[in-house]
Amino acid sequence: QVQLVESGGGLVQPGGSLRLSCAASGIIFNIVGLGWYRQSPGKEREVVARISSRGNTDYADSVKGRFTISRDNAKQTVYLQMNTLKVDDTAVYYCNGDPVPFSFWGQGTQVTVSA
């Protein structure tokens, strides 16, 4: 059974930083591509960062240069370092498979950027 547990969210001021973590189990972690997704009220869920099984990364234009995705296969964990946060980054953040998400989604972690 796939389990995805996101953590690390919180309230931060504009310009601040957060590091999200996602611990995965029930998958063969080192052979799957992974992504960080986010969803804010009234908007569709979007992928903001992705990392392949080989460690290749890609980012949405809105976060490029500010966010960094990484993975630790030994810990079966994927991270999202978020710097220079903006109000528009406020959302619930999820990790999942990429390019094809798993059928199961974790609870996500809330990121709120506000002065």
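Rounded to the nearest 10 square angstrom, K43 shows an accessible area of 130 square angstrom against a 1.4 Å probe. Using only protein heavy atoms and a 1.4 Å probe, report how much of D72 is accessible, in Å² to the nearest 10. Around 50 Å² of this residue is reachable by solvent. The chymotrypsin sites (Phe, Trp or Tyr not before Pro) of the stretch 46-89 include none that meets both conditions, a loop assignment by DSSP and at most 10 other Cβ atoms within 10 Å of the site Cβ.
Mean sequence separation of contacting Cα pairs (under 8 Å, at least six apart), scaled by the length of the stretch 1-101, corresponds to a relative contact order of 35 percent. Compactness check for the stretch 1-111: Cα Rg over 2.2 N^0.38 Å is 0.98.
The values are calculated or read from the model by the stated rules, or taken from the named source; none is laboratory data. Here the structure is a predicted model, which is why all the values come from computation and not from measurement. As a convention, Cβ positions derive from the backbone with ideal geometry for all residues, glycine included, and neighbour counts pool all protein chains shown. Note: accessible area is taken over every heavy atom of the protein model, side chains too, but ligands, DNA and RNA are not part of it. Shrake-Rupley method; radii C 1.70, N 1.55, O 1.52, S 1.80 Å.
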